[in-house]
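Inspection log for the structure reproduced underneath, given as structure tokens.
Readers should treat all values here as calculations from the given coordinates under stated rules, not as data from a laboratory. In this text, all values refer to a predicted model and were calculated from it rather than measured experimentally. Here the Cβ is made from the backbone with ideal geometry for all residues, glycine too, and neighbour counts use every protein chain on show.
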């Protein structure tokens, strides 16, 4: 994930973000397919509910979210984006707590707070980076 985040900024894609995302997800699926076929049991016959759930996960849970991710990467620095990956399990935990009534142990709540604090600190550190005094426009116009 981190490697892909950095490469996304370095390599400008000749295709749209949607096409790039689709190819990345397809390549990942192709790489995982042989492992699944060897080590996982055969899938049962899918029902209409299963097909709808898979379509939702594929289109909304993967394609749309990756599209947003790569669109965001085009607008912010990889160093700022890399710490945002830690918010994924926090979001899943929060949704489980709010939507499904799941409970949090004190240790999980502490971990939740630690992740939020670390992401906030990393974003704050990135946004208040000191600038070099010799890089300001007023220094550029003065003779040395």
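Descriptive notes on the structure:
- In this structure, residue 16 and residue 56 have a Cβ-Cβ separation that, at R0 = 25 Å, corresponds to a calculated FRET efficiency of about 0.65.
- Quick note on the stretch 37-110: its Rg to Rh ratio, both from C-alpha atoms and Rh being the Kirkwood radius, is 1.08.
- Spacing of the two label points (7 Å from each Cα toward its C-beta) at residue 39 and residue 123, in nm: 3.5
- Full-extension gain in nm, residue 32 to residue 74, via 0.36 nm per residue minus C-alpha separation: 12.4 nm
- Counting neighbouring Cβ atoms within 10 Å and putting the fewest first, the residues 30, 126 line up as 30, 126.
- Set the Cα radius of gyration of the stretch 1-75 against 2.2 N^0.38 Å, with N its number of residues, and you get 1.33.
- Sorted largest first, extent of the stretch 77-130 alpha carbons per principal axis (Å): 44, 19, 12
- By the count of neighbouring beta-carbon atoms within 10 Å, fewest first, 56, 66 end up ordered 56, 66.
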